[in-house]
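Here's the structure, in structure tokens; my notes come after.
The values are calculated or read from the model by the stated rules, or taken from the named source; none is laboratory data. On a predicted model such as this, the values are computed, not experimentally measured, just so you know. Counting neighbours? That spans all protein chains shown, and the Cβs are built from the backbone with ideal geometry, glycine included. Areas reflect the complete protein model, heavy atoms only, side chains present, ligands, DNA and RNA absent. Shrake-Rupley method; radii C 1.70, N 1.55, O 1.52, S 1.80 Å.
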There are 2 protein chains.
Amino acid sequence: MKRRQFLTAAGVGAAASAVAMPAVAQSMPEMRWRLSSGFPKSLDTLYGAGETFAKYVAEMTDNKFQIQAFGAGEIVGTFQALDAVSNGTVECAHTASYYYVGKDPTFAIPCAIPFGLNARQMNAWMYHGGGMDLANEFYAKHGLFALPAGNTGTQMGGWFRKEIKTVDDLKGVKMRIAGIAGQVMAKLGVVPQQLAGGDIYPALERGTIDSAEWVGPYDDEKLGFVKVAPYYYYPGWWEGGPMFHVYFNQQKWNDLPKLYKDICMSAAAHANVDAQAKYDARNPAALRRLVSAGAQLRPFSPELMEAAYKAANELYDELSAKSADWKKLYESMRAFRNEEYLWFQVAEYTYDNFMIRARARG
Amino acid sequence: MKRRQFLTAAGVGAAASAVAMPAVAQSMPEMRWRLSSGFPKSLDTLYGAGETFAKYVAEMTDNKFQIQAFGAGEIVGTFQALDAVSNGTVECAHTASYYYVGKDPTFAIPCAIPFGLNARQMNAWMYHGGGMDLANEFYAKHGLFALPAGNTGTQMGGWFRKEIKTVDDLKGVKMRIAGIAGQVMAKLGVVPQQLAGGDIYPALERGTIDSAEWVGPYDDEKLGFVKVAPYYYYPGWWEGGPMFHVYFNQQKWNDLPKLYKDICMSAAAHANVDAQAKYDARNPAALRRLVSAGAQLRPFSPELMEAAYKAANELYDELSAKSADWKKLYESMRAFRNEEYLWFQVAEYTYDNFMIRARARG
């Protein structure tokens, strides 16, 4: 072979491989990102959903795109997670949007507001009811892009040192409850308190606070509230189906190769269904253990639920008058919710109703 | 540059790219598979979930792994889909396992049996309650491997030409209902009929059959039953949360690169949550339209539900005595269900109960 022939042949070969190979290599660049969780590593459920998302992304990219998860406080604290994403300190976060109502109350809606959607309805609104687009239109104003990534299902209504039989019994109760739910509770006479997870137990024990809400049986058990505030109320009417999201710095999201965007979307959806399944699988045994340990299960009275519903709707009217963003998301969610319950009350609810009664009879 | 130097340099370059590039190329081979759906293309919900799975896989592999979806009857019919996967006619299928009870009644359990799990509980059992492993241990005997990929939520109880007020009213009713549900109905006096989707309407119109069950508002509306059998009963106690799966030929699944297995798992989970969300988003408006078109909504009476529950449990005892596979899956599902409803009756159910009543008051 003459040298020129060789060069030409090599050139052809290079051109051919340039067509076949770099297409994959270019679309799968090596990337290292950091994810700041809004939750401590001790919560294998909530923190776990963000970690699971990162694991799926790594697995689906042959470890080309690695996202390292950090617990709340390791890089920034829970309440700084979204700012850290906006300003590029970290590329992404996994957290609950309602932690950021201090920036704007509208942040609560894609996660949970009192008397909002249940978990399945939240998925329906997000994926097929326009919720995700509306939420991202709002998040874009804060330099963020979000994907659903987890839900707890309806939470419990929290732990109380004394029984709460009437709305009057709530007056002056110092309760660890935050955000929009805290504002509704305040309308009922509660004195809302903001405390980090680790500070709740000693405050309840000393009587500095009278009550605390956290999540549900599996997570609550870890904090030991049953020993100091045994009345365990339900339902958590302020968290019918709280949804967590993975938040991306919007510019960094936009700059991702399309392949990685597609992988992130399925990884987040997988983490979303997986997290709910984990809660549903682990809560029953935790509930049994809590009752054995002395938890006194109590439903909130119909009178209290009605008063809270009325107070919530008053607050929503006030917020709608003040904020176009709130109004837009809230009205979409509310209309969707009313349609959802029209349907859920028929087949879904009557099925569960029968199954619950059949189980109770043994 | 001398020729030998050039050759050496080229060789080094080739070796270097052999390290960097083929790792991706080898783990992402070009593959073309076929998926046979158990559902006709006219059902954008059920057929759509299989197609969505295939779309996610293609997107996440830069179109290297392409799975083409075919409607029921295009390659093989609904009831041949799993055999076609086992024998390698197609590599995979998306269908409802309970269509294959003719092969073995155990096939029903990972999809739905009367008075089984609701949709969220089904996810919990599959992903975190041991259900998926147990199901795949059984499917392996048929050369299959399955991943959850869709759910309808609790279905409706079907359309009847006449009102069914008592168990006696069911005697002699010719109802289009198949599988385990048909066997339970037979114990109540129903004469179960097997008819393909397209044959149901004319049979109801002529009075050859008296009743037919299909899915729920969104899918049922398409078949026009409201015109010929207006009594629309609920809940479909034989389908509390029917789950669909993607079925893979077991050998072909085993031979997939790990990267493609990981991608299939998240694609299926994404299709799973997406399909339920689509149903939940579309059913309410369809229900409204059906009621406007004359559908008479009726709950099955408590007496009928109790009789069906008793008949189902009798059948399950018979099947457990006959089949070790049935017994193993059924007992896992039943134990899981009883724990799930212990928990669901507390926060989840009381929340929905309040929201349904609040909505009804306006």
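Taking the criterion of being in a helix (DSSP H, G or I), open to solvent by 10 Å² or more (accessible area, probe 1.4 Å) and within 25 Å of B:Q276 (Cβ to Cβ), the only residue of the range B:135-153 that qualifies is B:N136.
Going residue by residue through the range B:98-115, is there one that turns out to be under 26 Å from B:W237 (Cβ atoms) and facing chain A (nearest Cβ under 10 Å)? There is at least one residue in the range B:98-115 that is under 26 Å from B:W237 (Cβ atoms) and facing chain A (nearest Cβ under 10 Å). Taking the criterion of being part of a helix (DSSP H, G or I) and open to solvent by less than 20 Å² (accessible area, probe 1.4 Å), the residues of the range B:293-319 that qualify are B:L304, B:M305, B:A308, B:A311, B:A312, B:L315, B:Y316, B:L319.
Filtered by the rule that a residue be open to solvent by 10 Å² or more (accessible area, probe 1.4 Å), touching a residue at least 12 places away in the same chain (Cβ under 8 Å) and within 13 Å of B:L117 (Cα to Cα), the range B:321-333 gives a lone residue, B:S332. Taken together, the residues in the range A:264-287 that are at the interface with another protein chain (Cβ under 7 Å from one of its Cβ atoms) and either within 14 Å of the chain's Cα centre (by Cα) or under 26 Å from B:I263 (Cβ atoms) (or both) amount to 12. Of B:M175, B:M126, B:M132, B:M156, which residue is more than 14 Å from chain A (Cβ to nearest Cβ) and either part of a strand (DSSP E or B) or at pLDDT 95 or above (or both)? Only one candidate qualifies: B:M175. Of all the numbered requirements in (1) within 14 Å of chain A (Cβ to nearest Cβ); (2) farther than 24 Å from B:D274 by Cβ; (3) at pLDDT 95 or above, B:M21 misses one, and that requirement is (3). For the range B:86-128, a tally of residues being within 13 Å of the chain's Cα centre (by Cα) and within 16 Å of B:G38 (Cα to Cα) returns 13.
Checking each residue of the range B:344-352 against the condition of being open to solvent by 10 Å² or more (accessible area, probe 1.4 Å), among the charged types (D, E, K, R) and over 22 Å from the mean Cα position of the chain (by Cα) gives at least one match.
State yes or no: is A:D168 among the charged types (D, E, K, R) and closer than 29 Å to B:A285 by Cβ? No: the conditions fail for A:D168. For the range B:55-98, the set of residues classified as small (G, A, S) and either in contact with a Pro (Cβ under 7 Å, 6 or more places away or on another chain) or open to solvent by 10 Å² or more (accessible area, probe 1.4 Å) (or both) consists of B:A58, B:A69, B:G71, B:A72, B:G73, B:G77, B:S86, B:G88, B:A96, B:S97, listed by residue number. Would you call A:P192 at pLDDT 95 or above and buried (at least 20 other Cβ atoms within 10 Å of the Cβ)? No: the conditions fail for A:P192.
This table checks each residue for (1) closer than 27 Å to B:Q155 by Cα; (2) basic (K, R); (3) away from chain A (no Cβ under 14 Å).
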residue	(1), (2), (3)
B:S37	yes, no, yes
B:K41	yes, yes, yes
B:Y47	yes, no, yes
B:A54	yes, no, no
B:D62	no, no, no
B:A72	yes, no, yes
B:L82	yes, no, yes
B:S86	no, no, yes
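For the range B:342-356, the count of residues that are under 30 Å from A:L297 (Cα atoms) and either more than 8 Å from chain A (Cβ to nearest Cβ) or not in a helix (DSSP H, G or I) (or both) is nonzero.
Here are the criteria: (1) in contact (Cβ under 8 Å) with a residue 24 or more places away in the chain; (2) more than 9 Å from chain B (Cβ to nearest Cβ); (3) β-branched (V, I, T). Tell me which single one A:V291 does not satisfy. Going through the list (1) in contact (Cβ under 8 Å) with a residue 24 or more places away in the chain; (2) more than 9 Å from chain B (Cβ to nearest Cβ); (3) β-branched (V, I, T), A:V291 breaks only (1). Residues in the range B:206-230 that are open to solvent by 10 Å² or more (accessible area, probe 1.4 Å) and within 14 Å of chain A (Cβ to nearest Cβ): B:E213, B:W214, B:V215, B:Y218, B:E221.
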